[in-house]
Amino acid sequence: MIPLPLDVTRLAGLTFLQKARLPVSVAVDTAGSPVVISRYEDDVWNFWPYISRENAKDGEKRIIWGIGLPDGSRLTDEAHRSLLASAKDFIWSLHVDPIEGGKRPGLKTLISLMGNLAFLLRWMVSQGITRFAQLDGRTLEYVVAAKDGKSAKSTVMKRLLLVEKLYAQVGKIDDCLPSHPWPFESAALLAGMDQRMAHRVPKTPVIPESVFVPLAQKAIEYVEQRAPAILVVQAEAAQAMAAAEARGVKGHAYRHVFGTEVARAHGYAGLRELHAEMALLRTASYICINMFSGLRNSEMMSLESGCISREPGIDGSYECIWLHGTIYKTGERPHKWLVPPIVARAVDLAERMIEPFQSMLRDEERRLRKLETIESKHAKRLAEISRSRNKLFLATHYSQQGPVAVMPGGAAVNKWLKDFCQHFQIRDDNGEVWDLASHQFRRTFAYNYARSELGDLLYLKEHYGHWSLDMTMLYADGGADEYQIDNGLLDDVVRAKQERQAEILAGYLGSDTPLAKGEDWLGTWRPMVRTAKNKDELIQELSSTITLNGTGHSWCAGNAKGGSCGGLCLFEADMCVDCNMALIGPEHLPVWKEIAEQQLVVLQLPDMGVPAKSRANRILEKANQVISKLDGSRSES
């Protein structure tokens with residue numbers, strides 16, 4: 001079903017009965033007729049036609065007004081009729097008559113406010129407060145209640161921000177907060193939040209190397225090596241059961257006997273073990289795609305059959321593999337991501353694995369369309385089938401009508417991932433099985449990418465449409481179209497790179513670490529840091545004034561800004577020795593020793609001409625300069 005634009009009539013001045021019949025959710029059925037899904041007066045506002053995010057559960061697409069209250073009653077009970085009307089007016093007014101200076105919130109945003117609204121309503125009922133206007137003069141009492149000692153500061157801040165929104169709707173609804181709840185204060189400060197957002201520590205953990213490596217190895221092994229044999233056995237088992245059904249064998253359990261025989265013939269204990277192996281294969285496919293693309297789970301669930309395309313790179317010397325899907329978080333739109341070949345192979349595997357689910361969807365659709373009367377629940381399911389039929393990841397849900405194919409929610413996907421780590425005993429440095437979750441892939445992708453020594457060359461040029469990360473930070477040059485830019489992923493990479501850059505500078509500025517290059521500008525910063533009251537803040541501030549790019553033999557502070565050699569130092573290491581924008585420290589010493597050894601080997605070659613020997617001697621001299629400064633030794637020439 002296709003959603004229709006909602007009526008955004010302002011609530012001010014409307015009578016109770018006029019508001020009661022307002023549609024809050026409308027769609028067009030298969031015959032082209034409008035169907036009201038929910039009205040203002042309903043106890044449940046169902047917004048499923050408007051929320052297309054594939055991994056969202058039904059509960060994430062509706063507002064249930066029957067909120068449980070401290071006295072055992074519900075908000076929808078007659079005793080709370082007035083408070084229910086005020087709550088509905090407030091939430092709906094945010095959509096139809098947004099806060100001044102703000103954009104119109106989407107329906108998902110309205111749903112997200114309900115948890116904090118429920119907390120406020122429960123406190124109001126416990127205090128005998130029946131209208132929002134009665135909060136005036138008592139809001140600081142609510143601050144104490146909101147800071148319940150169990151909730152995170154960010155949660156408390158959101159609870160208090162909701163009260164500020166009540167004040168912002170003055171004149172737009174009949175029942176609101178007539179004065180600012182806490183003049184000269186803010187929700188963030190009252191909640192105890194640190195206002196220095198630049199120093200915020202990400203909550204999502206990075207997958208450590210001790211987990212990342214075996215996880216990638218096992219997932220790739222399944223996708224590239226074990227998949228063909230597993231799929232052959234699965235196909236033979238399915239054929240055996242289908243043949244038994246064609247011969248008149250009735251009962252699912254009896255038909256399973258024939259599938260079990262096939263599974264055992266191939267070394268499995270039974271059909272259950274084969275299905276478990278298929279589940280691991282599906283999860284391995286998910287891991288390979290997500291690990292090497294950095295997609296959100298909602299974007300993973302948007303992927304469909306045929307989502308891979310190939311085209312020549314910018315200069316025609318290489319092939320680009322693109323993964324096509326949909327971004328939802330920053331406004332729904334199609335998008336494509338540059339991915340390595342393993343992702344294409346994992347997509348191909350996933351396409352083969354969903355064929356049985358697609359058959360289930362086709363059968364269910366035929367049954368529903370044969371019904372004499374298609375009710376609202378049938379129309380909803382037909383819409384779900386239409387959206388699901390080509391999705392790359394589907395799962396089985398057992399309903400009263402039997403098994404049906406559905407798109408898995410975030411909790412289901414996270415269980416797949418946890419089961420995968422449990423099955424293969426993938427443990428962290430503490431010996432614990434890693435608690436893997438889908439959102440960890442995105443942060444880990446950004447973390448690893450930002451720390452890649454060659455991270456912002458070819459890959460960034462294609463993935464973001466720019467040459468270097470520094471140029472992409474604000475998209476000042478508009479060098480790529482919106483279809484190719486994933487702003488959210490780029491922000492994650494930028495944050496990870498800024499964290500790493502601050503770590504590098506902290507190591508230099510907080511010590512007397514010897515430098516082969518960079519002392520002329522870092523030397524002026526070291527005294528500032530040592531005498532600063534807050535060293536971390538100053539390092540963050542200084543770090544924000546430069547951008548470091550790794551070459552392997554140095555940190556380059558000029559390349560991303562278009563200065564210095566323009567990137568040639570990647571291939572001509574000795575250029576960094578005389579460059580004012582280079583930073584060469586102890587971590588680069590092994591590389592320079594290897595460079596010196598290479599030049600000694602070159603100079604021993606009998607067929608080297610004068611120009612080549614001259615170049616080798618020049619590089620050797622520069623390498624020895626670096627080695628001498630860093631550890632006081634000098635390679636023999």
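The values are calculated or read from the model by the stated rules, or taken from the named source; none is laboratory data. What you see is a predicted model, and the numbers here were worked out from it, not measured in a lab. Don't worry about glycine lacking a Cβ; one is built from the backbone with ideal geometry, like all the others, and counts go over all protein chains shown. Accessible surface is based on the protein model in full, side chains and every heavy atom, while ligands, DNA and RNA are left aside. Shrake-Rupley method; radii C 1.70, N 1.55, O 1.52, S 1.80 Å.
Yes/no matrix, rows are residues, columns are (1) open to solvent by 60 Å² or more (accessible area, probe 1.4 Å); (2) β-branched (V, I, T); (3) part of a strand (DSSP E or B):
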position: E372; (1), (2), (3): yes, no, no
position: K377; (1), (2), (3): yes, no, no
position: A383; (1), (2), (3): no, no, no
position: H397; (1), (2), (3): yes, no, yes
position: L417; (1), (2), (3): no, no, no
position: C421; (1), (2), (3): no, no, no
Only unsatisfied item for W45, checking (1) outside any strand (DSSP E or B); (2) open to solvent by less than 50 Å² (accessible area, probe 1.4 Å), is (1)
Pairs returned, first residue in region 541-555 that is assigned to a loop (DSSP other than H, G, I, E, B), second residue that is at pLDDT below 75 and not hydrophobic (A, V, I, L, M, F, W, C), beta-carbon separation under 6 angstrom, 6 or more apart or interchain, are T547/D470; G552/E453
In region 171-187, residues that are open to solvent by less than 70 Å² (accessible area, probe 1.4 Å) and either of a type in the set (F, W, Y) or farther than 23 Å from V156 by Cα (or both) total 5
Cβ pairs under 6 Å, 6+ apart or interchain, first in region 613-630 and hydroxyl-bearing (S, T, Y), second open to solvent by 10 Å² or more (accessible area, probe 1.4 Å), ordered by first then second residue, are S628/R634
Residue hits (region 407-445; free of Cβ contacts under 8 Å to residues at least 24 places away in the same chain and either on the phi > 0 side of the Ramachandran plot or hydroxyl-bearing (S, T, Y) (or both)) are Q425, G431
Across (1) of a type in the set (A, V, I, L, M); (2) under 19 Å from L113 (Cβ atoms); (3) open to solvent by 70 Å² or more (accessible area, probe 1.4 Å), V143 clears everything bar (3)
| said: Quick check on M301: is it touching a Pro at 6+ places or on another chain (Cβ under 9 Å), farther than 18 Å from P228 by Cα and in the same structural domain as M241 (by the TED database)? | reply: yes
